[in-house]
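J.: Take this structure first; my questions come after.
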């Protein structure tokens, strides 16, 4: 069997600009089993929003223990079908008030079998965006914690919610994205904000150029949104979507 870091290394290698890894988000054992059984699946992801919905709670009210319990079920389901299939998990804002507690969360996820994670730059408890220096330090903490846990190739998809703040532009997202990549993130996910602002095709083109393609773009299977072919042509390295 491959080691956990071998799986992480293979997952990292799938993040190629213009040949992006497409991730479908699982939210329970059933969806995880379906996704893992598909011959075209190269990795499985989770989404905290969907896990929270299954538990009947708001995304911001999903606790660390609830999330980890769901992740254990999802990862176990994937492992039963394909032990070498990478699973990356949504850890929301990383939980905890300090860097040691963040590091502990990452190590707990790795102990469950995760080889990558999403982490937001919001402080969900306070409902505020973390200052850039603090957010970058948390990215670095995730990377260092993964190394300590024996998975140095752990794949961090660092999400920035800066566009959800009043008066911000795509340039602010690029500044954060550069800092996160420099701190050790593999890719950057620029979220369009709670009001559904989104990220336009023109903005994606700029972000791809400035961040050298190491970008995650959410794919919506609806009219008016970018499809996989367009996302590939734009040069991004990663795309995600959810089972509907």
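Where a number appears in this text, it was derived from the coordinates with a stated rule and is not lab data. All of these numbers come straight from a predicted model, not from anything done at the bench. Heads up, the Cβs are rebuilt from the backbone with ideal geometry, glycines too, and the neighbour counts pull from every protein chain shown.
J.: Where does each of 65, 101 land when they are ranked from fewest to most other beta-carbon atoms within 10 angstrom?
T.: 65, 101
J.: Another question, then. With an 8 Å cut-off on Cα pairs and a minimum separation of 6 or more residues, tell me the relative contact order of the chain in percent.
T.: 23 percent
J.: On a full-extension model of 0.36 nm per residue, what is the gain between residue 210 and residue 175, subtracting their alpha-carbon distance, rounded to one decimal in nm?
T.: Taking residue 210 through residue 175 to full extension adds about 11.7 nm, to one decimal.
J.: Between the alpha-carbon centers of the stretch 75-122 and the stretch 1-23, tell me the distance in whole angstrom.
T.: Using only Cα atoms to place each centre, the spacing works out to 15 Å.
J.: Okay, moving on. Please report 54, 186, 117 as a ranked list, fewest other C-beta atoms within 10 angstrom at the top and most at the bottom.
T.: The fewest-first ordering by Cβ neighbours comes to 54, 186, 117.
J.: Using a ≥ b ≥ c from the Cα gyration tensor of the chain (square roots of the eigenvalues), is it rounded, prolate or oblate, where a/c under 1.5 gives rounded and otherwise the larger of a/b and b/c decides, a/b for prolate?
T.: Rounded, because the longest to shortest axis ratio a/c is under 1.5.
J.: A further question on this structure: At a 10 Å Cβ-Cβ cut-off, how would you order 51, 170, fewest neighbours first?
T.: With the fewest neighbours first, 51, 170 line up as 170, 51.
J.: At what distance in nm do the modelled label points of residue 81 and residue 182 sit from each other, each positioned 7 Å from its Cα along Cα→Cβ?
T.: 4.1 nm
J.: Describe numerically, in nm with one decimal, the distance between label points set 7 Å from Cα along Cα→Cβ at residue 101 and at residue 60.
T.: Result: 1.8 nm between the two label points.
J.: Please find, in a Gaussian network model of the chain (springs between Cα atoms separated by less than 10 Å), the residue of 210, 144, 133 whose mean-square fluctuation is greatest.
T.: Among 210, 144, 133, the largest GNM mean-square fluctuation belongs to 133.
J.: Taking 7 Å along the Cα-to-C-beta vector as the label spot, tell me the residue 144-residue 49 distance in nanometres, rounded to one decimal.
T.: Computed distance between label sites residue 144 and residue 49 equals 3.2 nm.
J.: Per the helix-only calculation at 222 nm, which mean residue ellipticity applies to the chain, given -39500 (n - 2.57) for every DSSP H run of n ≥ 4 and division by its residues, nearest 500 deg cm²/dmol?
T.: Result for the chain: -13500 deg cm²/dmol, rounded to the nearest 500.
J.: In a Gaussian network model over the chain where Cα atoms closer than 10 Å are linked, find which of 150, 198, 167 has the largest mean-square fluctuation.
T.: Taking springs between Cα atoms under 10 Å, the residue moving most is 167.
J.: Moving on to the next point. If you restrict to DSSP beta bridges whose two residues both lie in the chain, what percentage is antiparallel, to the nearest 5?
T.: 10 percent
J.: A follow-up question, please. Just 23, 71, 112 to compare: in a GNM of the chain, with alpha carbon springs under 10 Å, which one fluctuates most?
T.: Looking only at 23, 71, 112, the biggest GNM fluctuation is shown by 112.
J.: In nm, what is the difference between 0.36 nm times the number of residues separating residue 201 and residue 40 and their Cα-Cα distance?
T.: Gain in length upon complete extension: 55.3 nm.
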